[in-house]
Amino acid sequence: MITLTQILVLIGVTWGAAYMRARMGIALAIAGAALAIMSIHGEFKLIPWLLYGAVALLFFADDLRKDRITRPIFKMFKSVLPPMNQTEREALEAGDVWWDGELFKGNPDWKEMLSYEKPELSAEEQSFVDNQVETVCNMCSDWDINFKDKDLPSEVWEYLKKEGFWGLIIPKEYGGKGFSALAHSTIVTKLSTRSGVLGVTTMVPNSLGPAELLLHYGTDEQKNYYLPRLAKGDEIPCFALTGPKAGSDAGAIPDTGIICKGEYEGEEVLGIRLNWDKRYITLAPVATVLGLAFKMYDPDGLIGDKEDIGITVALIPTNHPGVEIGDRHYPMGQAFMNGPTRGKDVFIPLDWIIGGQDYAGKGWRMLVECLSAGRGISLPSSSTATGKLAYRATGAYSVLREQFKTQIGKFEGVEEALARIAGNTYQLEAARLMTAGAVDMGVKPSVVTAIAKYHMTEAARNLVTDSMDIHGGRGVIMGERNYLSSGYMSMPISITVEGANILTRNLMIFGQGAVRCHPFVFREMQAANNPNEQQGVDEFDSLFFRHIGYGLSNFIRTLTLGLTSGRIVPKPVTGPTGRYYQQLTRMSSALALVSDLSMAVLGGDLKRKERLSARLGDVLSYLYLSSTVLKYYEDQGCQEADLPYVQWNLENNLYLMQKAFNEFFDNFKPSWLGKVLKRVVFPFGSWHKKPSDKLDHKIVAPMFNQNELRDRLTRNIFIGNENDPMGRIENAFNKVLETAHIAETLKRAIKEGKLTPARELGETINTAVAAGILTQKDADDYLESERLRLDAMQVDEYSKAYVAGDFAKSEQAQAGKAA
């Protein structure tokens, strides 16, 4: 009986130490002390001490452990490592691990996240948003840009240059604005609510392109020449990576650069003979300087003994002999400048490589590291713009539009779609702020930005679809009044660029996250690739056995948190959101366990099991998005009005994590292990549910009136005046709310039989005034409100000539009608 007790004590100590993630030495000391006390005060038994001694021997006898256990495992590990080309390796190593690492480890330090500084614009940045950005928005008509002119007005191009819109990220010492990533994000968001073309034309020079590459890798000479010219708009940049034969698989680019000698400015110099064929290059049709990615070769050994040097990036003036800028592409009817570029046997000096000869062959790593930051700014900003505009406009439209004598927002079917718009817009803004804030902290979070790019563009796609469904014909008919159609049509562009969403979800988020965010796997891979085998074994020994302890801890933590529903996890905050931190910690622990086991069982095959890895990537993504919502709630002072939005997002994300886990377990092979894992993670079954209808109703309500939350969620968007698409509907919305009590008075009078409605509204109102039901001022205000409401419902109509693009003939016809 004493032996059983001692064994149970050992198990208990092991369980507790593993749950608390105690170091092995501490755990052994505690277990030894417990056994010693029990042996002194009870009957001594040999078996528990033998078990204890075997574990202690493995821990303390380093040479024995390394020779008999570690070295064979090390050799097996090296043999099963999946093949990885240079492009994949550089992509894997690029960027930083940030909060995603905490989420992946299974025991997030929530206090660390809550300690991150609240992202805020400086006074200078906010002034730029309120003035220069507002001004350029007023200079544009999205309809004229996309349908009529197929370009930004010339005065807008000049204003963008003059006011430094293309130098947002360039430091002031080079003549740029030196703005934060948050300011860059906010500016692009506001511009995109006016015109997607305006947003893209600004985001591209400030995102992955020559300016950012020069800032990080350029020589002093390159920086001093190009950065001031880019900041002032004297140079318009573009960057060419994608071609007909290589898109997402950038490592397969066929474009080449052969090191050779050639003539430049009358002298023979060492340089590169380039051949390229690129497409989909934004700003290419107007660019003056071209950033070009190509594979560089040195067959004659002119700069070293390596022939295949690798992907390299160079900066080339577009007026350089041989550079060809093709005609324009026309992506989804959006008129931003985009087109192909080609070159055949174009000779450039070697010092046109960004960073000079020292950065030859380092281009892919340079690109991926810049993408690790830029990907979290540009497309998440335009996606958030879609959400903000849909939230404000669709809520207003749902008040203005009536069917069956009822505002359509009161129909439950419409409310269901409105709830998705409301909840997702809140999460979009939260994710935008936290992700941009990370970049401003000096972090290049490659996995987090991949999450942001995929999930925020997908959310925007769903948002604009819901918004179009609610608007019906009002959203379908294109024209100057339409504030949705352009965003709806352009969504596939966001889904496709900077890493196609299918690729991002199925390969990048978990594929990169599992290796980079895992506390041991990446370092184990590095140890396995160490050319000094003994050093590799020594490094691997420490990592491998800590990895085993980590895996044991994850199993015990996951089972314990499943059995207790996470209630034993300390809450980092008081109040109603504390429980969500416990549930997220439980999901984080489960992700750590399932990821480890799936990598152990499937090994390199997990890379090819894209649908399985994508589901684990979904869990990591929803953990991150949930984190951003909780952080935003805290940063905004835990306002009561926000709480239903927090609850909606957390309940929805927990449900989606549960769904992703269950689909993973149901499709995992061997199937018995999938069933075991499901029972460990969800010992009492799946009980997370989608947000309730009642909660949907709560988060939709603020969309129907003027309040701080509505204004905050849609802050820094362009509304304009009553002649602008958004201004028109906003003006009508405000007037309808202002006269709501008059409408209620009329309805009550009709219901009580004091007023009989006439066929014409004006006649009914005159009767109400005569009967003393309304004052004349009330009558005038109500009629104006109805005029504005009906005007906001109207759609555009154009002559056949105008629709055919014969604008001159259309204007003549309009002038004739007016005469």
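State which residue is farthest from the chain's Cα centre (by Cα) when the search covers only the stretch 439-491 and only residues that are within 20 Å of SER381 (Cβ to Cβ) and assigned to a loop (DSSP other than H, G, I, E, B).
By that ranking, first place goes to TYR483.
Within the stretch 543-585, can you find the residues that are modelled with pLDDT under 90 and of a type in the set (Gly, Ala, Ser)?
Listed by number, the residues that qualify are GLY549, GLY551, SER553.
Let me spell it out: the conditions are (1) outside any loop (DSSP other than H, G, I, E, B); (2) surrounded by fewer than 19 Cβ atoms within 10 Å (Cβ to Cβ); (3) more than 24 Å from the chain's Cα centre (by Cα), and MET332 meets all of them except one. Which number is the exception?
MET332 satisfies every listed condition except (3).
For residues that are open to solvent by 10 Å² or more (accessible area, probe 1.4 Å), of a type in the set (Lys, Arg) and part of a helix (DSSP H, G or I), tally how many sit in the stretch 377-407.
Selection size over the stretch 377-407: 1.
Only one of these conditions is not met by ALA768: (1) among the aliphatic types (A, V, I, L, M); (2) in a loop (DSSP other than H, G, I, E, B); (3) more than 52 Å from the chain's Cα centre (by Cα). Which number is it?
(2)
In this structure, is THR574 within 30 Å of ASP469 (Cβ to Cβ) and free of Cβ contacts under 8 Å to residues at least 24 places away in the same chain?
Numbers: within 30 Å of ASP469 (Cβ to Cβ): no; free of Cβ contacts under 8 Å to residues at least 24 places away in the same chain: yes.
Judged against the criteria, THR574 is not a match.
Quick test of your reading of the structure: MET657 fulfils all but one of (1) open to solvent by 10 Å² or more (accessible area, probe 1.4 Å); (2) touching a His at 6+ places or on another chain (Cβ under 8 Å). Name the failing condition by number.
Every condition holds for MET657 apart from (1).
Take the residues of the stretch 743-758 that are more than 45 Å from the chain's Cα centre (by Cα) and among the aliphatic types (A, V, I, L, M): which is most open to solvent (accessible area, probe 1.4 Å)?
As a first pass, look at the stretch 743-758 and keep what is more than 45 Å from the chain's Cα centre (by Cα): 745-758.
Filter once more, so that each one left must be among the aliphatic types (A, V, I, L, M): 746, 749-750, 755, 758.
Values: LEU746: 13, ALA749: 6, ILE750: 69, LEU755: 6, ALA758: 35 Å².
Looking at residues that are more than 45 Å from the chain's Cα centre (by Cα) and among the aliphatic types (A, V, I, L, M), I get ILE750.
Being open to solvent by 60 Å² or more (accessible area, probe 1.4 Å) and under 21 Å from ASN338 (Cβ atoms) is the filter here; which residues of the stretch 139-157 pass it?
Matches in the stretch 139-157: LYS148, ASP149, LYS150, SER154.
Can you confirm whether ASP255 is among the acidic types (Asp, Glu) and open to solvent by 10 Å² or more (accessible area, probe 1.4 Å)?
Numbers: among the acidic types (Asp, Glu): yes; open to solvent by 10 Å² or more (accessible area, probe 1.4 Å): no.
Spelling it out, it is not the case that ASP255 is among the acidic types (Asp, Glu) and open to solvent by 10 Å² or more (accessible area, probe 1.4 Å).
Go through the stretch 387-420 and give me each residue that's within 10 Å of VAL700 (Cβ to Cβ), hydrophobic (A, V, I, L, M, F, W, C) and touching a residue at least 60 places away in the same chain (Cβ under 8 Å).
LEU418, ALA419
Condition check: surrounded by 24 or more Cβ atoms within 10 Å (Cβ to Cβ), among the basic types (Lys, Arg) and at pLDDT 95 or above. Does ARG229 satisfy that? Talk me through it step by step, then tell me what you get.
Values: surrounded by 24 or more Cβ atoms within 10 Å (Cβ to Cβ): no; among the basic types (Lys, Arg): yes; at pLDDT 95 or above: yes.
Answer is no for this residue.
Please verify whether the stretch 178-193 includes one or more residues that are open to solvent by 30 Å² or more (accessible area, probe 1.4 Å), of a type outside the set (Ser, Thr, Tyr) and either part of a helix (DSSP H, G or I) or touching a residue at least 24 places away in the same chain (Cβ under 8 Å) (or both).
no
Here's the yes/no breakdown for (1) farther than 21 Å from GLY322 by Cα; (2) aliphatic (A, V, I, L, M):
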site	(1), (2)
GLY209	yes, no
GLY218	yes, no
GLN222	yes, no
ASP234	yes, no
ALA246	yes, yes
PRO254	no, no
ILE258	no, yes
ARG273	no, no
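I'm trying to understand the selection: among the residues of the stretch 118-138, which are among the hydrophobic types (A, V, I, L, M, F, W, C) and open to solvent by 60 Å² or more (accessible area, probe 1.4 Å)?
Step one: list which residues in the stretch 118-138 are among the hydrophobic types (A, V, I, L, M, F, W, C), which gives 121, 123, 128-129, 133, 136-137.
Result: ALA123, single match.
List the residue pairs whose Cβ atoms are under 7 Å apart, where the first residue sits in the stretch 444-466 and is closer than 15 Å to ALA385 by Cβ, the second is β-branched (Val, Ile, Thr) and open to solvent by 10 Å² or more (accessible area, probe 1.4 Å), and the two are 6 or more positions apart or on different chains.
Every condition considered, the pairs that remain are THR457/ILE495; ALA460/THR386; ARG461/ILE495; LEU463/THR386; VAL464/THR386.
Consider TYR174 carefully, then state whether it is surrounded by fewer than 17 Cβ atoms within 10 Å (Cβ to Cβ) and of a type in the set (Ser, Thr, Tyr). Step through it out loud before you land on a result.
Values: surrounded by fewer than 17 Cβ atoms within 10 Å (Cβ to Cβ): no; of a type in the set (Ser, Thr, Tyr): yes.
Considered against the rule, which asks whether it is surrounded by fewer than 17 Cβ atoms within 10 Å (Cβ to Cβ) and of a type in the set (Ser, Thr, Tyr), TYR174 comes out as no.
Regarding the stretch 198-214, can at least one residue be identified that is touching a Cys at 6+ places or on another chain (Cβ under 6 Å), within 24 Å of ILE719 (Cα to Cα) and crowded, with 24+ Cβ neighbours inside 10 Å?
yes
Considering only the stretch 335-369, how many residues are assigned to a helix (DSSP H, G or I) and under 23 Å from LEU191 (Cα atoms)?
First, pick out the residues of the stretch 335-369 that are assigned to a helix (DSSP H, G or I): 350-352, 357-359, 363-369.
Filter once more, so that each one left must be under 23 Å from LEU191 (Cα atoms): none.
Adding up the residues that qualify gives 0.
Just to be sure, is LYS689 loosely packed, with under 13 Cβ neighbours inside 10 Å and modelled with pLDDT under 95? Before the answer, list the steps.
Values: loosely packed, with under 13 Cβ neighbours inside 10 Å: yes; modelled with pLDDT under 95: no.
Judged against the criteria, LYS689 is not a match.
Output the residues belonging to the stretch 452-468 that are touching a helix residue (DSSP H, G or I) at 6+ places or on another chain (Cβ under 6 Å) and not β-branched (Val, Ile, Thr). Walk me through how you get there before you give the answer.
Step one: list which residues in the stretch 452-468 are touching a helix residue (DSSP H, G or I) at 6+ places or on another chain (Cβ under 6 Å), which gives 452-457, 459-461, 463-464, 466-468.
Once the filter is applied, which keeps residues that are touching a helix residue (DSSP H, G or I) at 6+ places or on another chain (Cβ under 6 Å) and not β-branched (Val, Ile, Thr), the stretch 452-468 yields ALA452, LYS453, TYR454, HIS455, MET456, ALA459, ALA460, ARG461, LEU463, ASP466, SER467, MET468.
Report every pair of residues separated by at least 6 positions or lying on different chains whose Cβ atoms are under 6 Å apart, first residue within the stretch 685-702 and of a type in the set (S, T, N, Q), second buried (at least 20 other Cβ atoms within 10 Å of the Cβ).
Note: pairs meeting the criteria are SER686/GLN658.
Does THR558 satisfy the condition of being under 21 Å from THR585 (Cα atoms) and either in contact with a Gly (Cβ under 9 Å, 6 or more places away or on another chain) or open to solvent by 20 Å² or more (accessible area, probe 1.4 Å) (or both)?
On the way: under 21 Å from THR585 (Cα atoms): yes; either in contact with a Gly (Cβ under 9 Å, 6 or more places away or on another chain) or open to solvent by 20 Å² or more (accessible area, probe 1.4 Å) (or both): yes.
It is true that THR558 is under 21 Å from THR585 (Cα atoms) and either in contact with a Gly (Cβ under 9 Å, 6 or more places away or on another chain) or open to solvent by 20 Å² or more (accessible area, probe 1.4 Å) (or both).
Hand me the list of helices (runs of 4 or more DSSP H) wholly inside the stretch 72-150 holding 3 or more residues that are at pLDDT 95 or above. Talk me through it step by step, then tell me what you get.
On the way: elements: 86-93, 99-105, 110-115, 123-128, 134-138.
By residue number, 110-115, 123-128, 134-138.
Kindly indicate the residue of the stretch 497-541 that is part of a helix (DSSP H, G or I) and among the β-branched types (Val, Ile, Thr) and also nearest to PHE104 (Cα to Cα) among those meeting that condition. Reasoning before the result, please.
First, the residues of the stretch 497-541 that are part of a helix (DSSP H, G or I): 501-516, 521-528, 533-541.
Retained after the next criterion (residues that are among the β-branched types (Val, Ile, Thr)): 502, 504, 509, 515, 521, 537.
On the way: ILE502: 22, THR504: 18, ILE509: 12, VAL515: 10, VAL521: 12, VAL537: 26 Å.
Filtering the stretch 497-541 for residues that are part of a helix (DSSP H, G or I) and among the β-branched types (Val, Ile, Thr), the one nearest to PHE104 (Cα to Cα) comes out as VAL515.
The values are calculated or read from the model by the stated rules, or taken from the named source; none is laboratory data. This one's a predicted model, so the numbers in the text were calculated from it and none came from an experiment. Methodologically, a virtual Cβ is constructed for each residue, glycine included, from the backbone with ideal geometry; neighbour enumeration extends over all protein chains shown. Side chains included, ligands, DNA and RNA excluded: accessible areas come from the protein's heavy atoms. Shrake-Rupley method; radii C 1.70, N 1.55, O 1.52, S 1.80 Å.
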